[in-house]
Amino acid sequence: MDRDKAWSIVCEFVQSESLRRHMLAVECCVAAYARKFGEDETTWAATALLHDFDWEIHPQAPEHPMKGEAILAERGVSQEIRRAILSHANYSGVPRESLLEKTLYACDELSGFLTACSYVKPGRSIFEVDLGSVRRKLKDKAFARNVNRDDIVNGAAELGVPLDEHITFCIEAMKTAAGQLGLAGSPPAAQPAEAPG
């Protein structure tokens, strides 16, 4: 499964621009870890892109990702990728064992949280997000309340990476595709010219 095939499946099943961007953000983080760990970046990127491909047709647990896995099997997606996708859902009964599985889980909720952190910055940019601001937002239970904080903390622990290091790594990874993710920022509002004095 190469990236183009994975993306074509995403585009077939996902109409929401924000959901597509979420999968692209997870891809950024997971692919960056593949490079760091010396793993197969193509397989890891495809896994990240496909992990929520069925969310619009199966928006409820446990249908997602279980019913989606069957669709991927029909499309010839490897067992390795399908198992990783199943394992990213805590309720699937598929334990996370491989490094790919642990990385996908660790990057999923965090990338969504980093996107939310970007949106509340003045320029709506990932370049304005830093570790301190993310840590403060993690403590604010009203902020991005749909993001499971336990998944973020447990994901880093399962991956064996200190949480602060994991957050910083994913911020840097997402910066590399900021434009594609809609997180490059907006130009500052034009200031009125001062009258000559």
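Nothing in this text is a laboratory measurement; each read-out follows from the coordinates by a stated rule. Just so you know, these numbers come straight off a predicted model, no measurement behind them. Positions of Cβ are generated from backbone atoms using ideal geometry, with glycine treated the same way; all protein chains shown enter the neighbour counts.
Descending by average beta-carbon neighbour count within 10 Å, the peptides 105-113, 66-74, 173-181 line up as 105-113, 173-181, 66-74, the highest first.
Please state, as a whole number in µm²/s, the translational diffusion coefficient that the Stokes-Einstein equation yields for the range 3-181 at 37 °C and 0.692 mPa s, with Rh defined as the Kirkwood radius across alpha carbon pairs. Before the final figure, lay out each step's value.
On the way: Rh = 16.2 Å.
In µm²/s, the coefficient rounds to 203.
Per residue, the chain reaches -19000 deg cm²/dmol at 222 nm when only DSSP H runs of four or more residues are counted, each adding -39500 (n - 2.57). When the chain is described by a simple charge dipole with +1 on each Lys and Arg Cβ and -1 on each Asp and Glu Cβ, the residue from GLY132, SER98, VAL77 located farthest towards its positive end is GLY132. Helix 163-175 and the longest principal axis of the C-alpha atoms of the chain enclose an angle of approximately 80°.
Rounded to the nearest Hz, the phi-derived 3J(HN,Hα) couplings of the range 128-139 under the Karplus curve 6.51 cos²θ - 1.76 cosθ + 1.60 (θ = phi - 60°) are 8, 8, 9, 4, x, 5, 5, 4, 5, 5, 4, 7, where x marks glycine and proline.
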